[in-house]
Amino acid sequence: MTGPVICAPLRVEARALRRGLRDLREHGHATVDVVRTGYGPARAAAAAGRLEQSGSGLAVGGVAGALSGDLNVGDLVVASEVRGGGPVVSCPSAPLLAGELRRAGLRVHVGPIATVGHLIGRGEHAGLAESGAIAVDMESAPLVRGAADRPSVVVRAICDTPTHPLVSPRIVTDGLAALRSLRLAAPVLARWAAAARPRRVLMASPRSFCAGVERAIEIVELALQRFGAPVYVRKQIVHNKTVVADLEKLGAIFVDELGEVPDGATVVFSAHGVSPEVRSEAERRGLDTVDATCPLVAKVHAEARRFASDGYLVALIGHAGHEEVEGTLGEAPASTALVENAEDVAKLEPDDPGKVAFLMQTTLAADEAGSVVDAIIDRFPAARGPGSDDICYATTNRQNAVRAIAADSDLVLVVGSANSSNSLRLVETAQRAGTRAFLIDSAEDIEFGWLAEAATVGITAGASAPSAVVGQIVTALAGLGRIDTKEVVVATEAVQFGLPRELRRSAG
Ligand code: SF4
């Protein structure tokens, strides 16, 4: 046997998996063989020896006992690693499989699985759980160990828990619930097997955090150290779920408006900036404020004030509703109009057509903004622009880098959150280069269908996305088969911004 395979120790498990694959087979979709490998570690080890080595994936599917009270009968456990009877075997593609199973509507836990040589009794759960394992079975470790260099993965459906042991009046209903989950997991395992292959990975550089984001995160961390938790942050400090969740763990509380901040508290303004009205409200309330506005956003605010005081109508090129745009519009609301496209330019009604200026949101796509600038200059040839580019160095570099990898990639993955403007622009830039591109917050968001035909995957990350998440994604892809990674560097960045006055003393 050389193709991908699902190993099922018991006859009932193999039957549930085959039933789950039946629809795929009947509709002519690619599927995968299910091999019954036998009960217990000795039969599993013997079966592993018979499975011929190849680059194709090897999945283990079956039932298991839960070691943690958080797991219920019918839940699925995807092994992050498998322990017992020899070296620990890690399963790096576990987050990918878990994400796809969750999208299929299944309840999924990811964690270590322990393989033991006997059915465990009532008193044994706690000891095994202390090792960190969340489920226990009798075959997975020898099977995945036998897979050697093949990509491997383990999914087990819970059929008993510490409070509902295997031998109980519920044995039949609990067993059926577990087998039903296994059946539903089978098509997902087939998609995992179809995506398991060696591939090339092109890493766009620069990617991930810019100087403004690093500074904003450091500001919240220093504010927490200096003033103690909680520290309030108006809006997300940067548009990234992982960053926000990490800072929440340290004691930051994110709010939408200052009305949610208690009197006397410290509040940080996010990297996207705030309007003068928000600053005045904080002052009126007597709140202690720390300003994490990126200096490059603050520069656009200063330009808006200058043009407005010189009597210009300011056409602000940007996206409606984005926090940065709201903050900049607030600098001179009577003299500023948001323009998203050429149609908006046609609607501008300046008092003096000779006194029109344009500014930009810092995170726009250069080509998209360029067409709006052309429309402004067509209509108002004397229009003035910013002294230096408003689209910041980090946005420009990341767009150039993604363009450089997109042409050679079958698929581009952009790490970033859905509300991150610069990350969304990276997706659009790759798509404009003719390559399929998707925005993902984590490895769990990657769909096997995207990967099945992708021999070369390009990876980048928006300026607000942590590099650690990029590393997790590369590791997860390596769990689907050997990867050959290449950095494509279009620029190096050495930009650094100083801390705001309120925190300089504590930084030393
Ligand atoms: S993307 Fe640009 S403007 Fe935004 S925080 Fe980073 S450096 Fe500043």
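The values are calculated or read from the model by the stated rules, or taken from the named source; none is laboratory data. Given the structure is predicted, the values throughout are model-derived calculations rather than measurements. Positions of Cβ are backbone-derived with ideal geometry, glycine not excepted, and every protein chain shown enters the neighbour counts.
Counting only residues that are buried (at least 24 other Cβ atoms within 10 Å of the Cβ) and touching a Gly at 6+ places or on another chain (Cβ under 6 Å), give me the helices (runs of 4 or more DSSP H) lying completely in the stretch 117-214 with at least 1 of them. Give the derivation first.
On the way: elements: 125-130, 140-146, 171-195.
Output list reads 140-146, 171-195.
Quickly run through the stretch 381-396 and pick out the residues that are of a type outside the set (Ser, Thr, Tyr), surrounded by fewer than 21 Cβ atoms within 10 Å (Cβ to Cβ) and at pLDDT 95 or above.
Those that are of a type outside the set (Ser, Thr, Tyr), surrounded by fewer than 21 Cβ atoms within 10 Å (Cβ to Cβ) and at pLDDT 95 or above: Pro381, Ala382, Arg384, Gly385.
Inside the stretch 96-116, can you point out the residues that are in a loop (DSSP other than H, G, I, E, B) and either touching a strand residue (DSSP E or B) at 6+ places or on another chain (Cβ under 9 Å) or modelled with pLDDT under 95 (or both)?
Correct list: Leu106, Arg107, Val116.
Look at the stretch 19-35 and say how many of its residues are part of a helix (DSSP H, G or I), touching a residue at least 24 places away in the same chain (Cβ under 8 Å) and more than 11 Å from Ala190 (Cβ to Cβ).
Of the residues in that region, 1 qualify.
Would you check which residues across the stretch 82-105 are farther than 20 Å from Leu451 by Cα and crowded, with 19+ Cβ neighbours inside 10 Å and list them?
Once the filter is applied, which keeps residues that are farther than 20 Å from Leu451 by Cα and crowded, with 19+ Cβ neighbours inside 10 Å, the stretch 82-105 yields Val82, Arg83, Gly84, Val89.
Scanning the stretch 372-384 for residues that are over 36 Å from the mean Cα position of the chain (by Cα) and of a type outside the set (A, V, I, L, M), which turns out nearest to the ligand (Cβ to nearest atom)?
That would be Arg384.
Can you give me the number of residues within the stretch 301-315 that are more than 19 Å from His239 (Cβ to Cβ) and buried (at least 18 other Cβ atoms within 10 Å of the Cβ)?
8
How about the stretch 362-371: which of its residues are more than 16 Å from the ligand (Cβ to nearest atom) and of a type in the set (S, T, N, Q)?
Ser371
Checking Ala114 against (1) free of Cβ contacts under 8 Å to residues at least 60 places away in the same chain; (2) touching a helix residue (DSSP H, G or I) at 6+ places or on another chain (Cβ under 8 Å); (3) loosely packed, with under 15 Cβ neighbours inside 10 Å, which test does it fail?
Here Ala114 clears every test but (3).
From the list Gly434, Gly481, which one is at positive phi, of a type outside the set (Asp, Glu) and in contact with a strand residue (DSSP E or B) (Cβ under 9 Å, 6 or more places away or on another chain)?
None of the others qualify; the one that does is Gly481.
Looking at the stretch 465-485, which of the residues that are part of a loop (DSSP other than H, G, I, E, B) and under 11 Å from the mean Cα position of the chain (by Cα) is surrounded by the most Cβ atoms within 10 Å (Cβ to Cβ)?
Filtering the stretch 465-485 down to residues part of a loop (DSSP other than H, G, I, E, B) leaves 465-466, 479-482.
With the extra rule that they be under 11 Å from the mean Cα position of the chain (by Cα), the set shrinks to 465-466.
Numbers: Ala465: 32, Pro466: 19.
Ranking the candidates gives Ala465 first.
Can you report the number of residues in the stretch 46-88 which are more than 30 Å from Thr173 (Cα to Cα) and more than 25 Å from the chain's Cα centre (by Cα)?
Going through the stretch 46-88 one residue at a time, the tally reaches 14.
Report whether or not Glu444 is over 14 Å from Gln399 (Cβ atoms), modelled with pLDDT of 95 or more and more than 16 Å from the ligand (Cβ to nearest atom).
yes
I'd like the full set of residues that are surrounded by 24 or more Cβ atoms within 10 Å (Cβ to Cβ) and among the basic types (Lys, Arg), limited to the stretch 397-410.
Of everything in the stretch 397-410, just one residue is surrounded by 24 or more Cβ atoms within 10 Å (Cβ to Cβ) and among the basic types (Lys, Arg), namely Arg398.
I'd like the full set of residues that are of a type in the set (S, T, N, Q) and within 19 Å of Ala366 (Cα to Cα), limited to the stretch 329-349. Reasoning before the result, please.
Taking the stretch 329-349 as the starting set, the residues that turn out to be of a type in the set (S, T, N, Q) are 335-336, 341.
Hit for the stretch 329-349 is Asn341, nothing else.
Which of the following residues is more than 14 Å from the ligand (Cβ to nearest atom), within 28 Å of Ala418 (Cβ to Cβ) and modelled with pLDDT of 95 or more: Ala308, Ala252, Ala292, Ala298?
None of the others qualify; the one that does is Ala252.
Considering each residue of the stretch 219-259, count those that are over 16 Å from Ala468 (Cβ atoms) and touching a residue at least 60 places away in the same chain (Cβ under 8 Å), and give that number.
Residues flagged as over 16 Å from Ala468 (Cβ atoms) and touching a residue at least 60 places away in the same chain (Cβ under 8 Å) within the stretch 219-259 amount to 10.
Considering each of Ala461, Ala465, Ala433 in turn, give the residue that is within 16 Å of the ligand (Cβ to nearest atom) and either touching a Cys at 6+ places or on another chain (Cβ under 8 Å) or over 30 Å from Gly57 (Cα atoms) (or both).
Exactly one residue qualifies, and that residue is Ala465.
For (1) under 21 Å from the mean Cα position of the chain (by Cα); (2) without any contact (Cβ under 8 Å) to a residue 12 or more places away in the chain; (3) buried (at least 19 other Cβ atoms within 10 Å of the Cβ), each residue gets a yes or a no:
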site: Ala366; (1), (2), (3): no, no, no
site: Gly370; (1), (2), (3): no, yes, no
site: Val412; (1), (2), (3): yes, no, yes
site: Leu426; (1), (2), (3): yes, no, yes
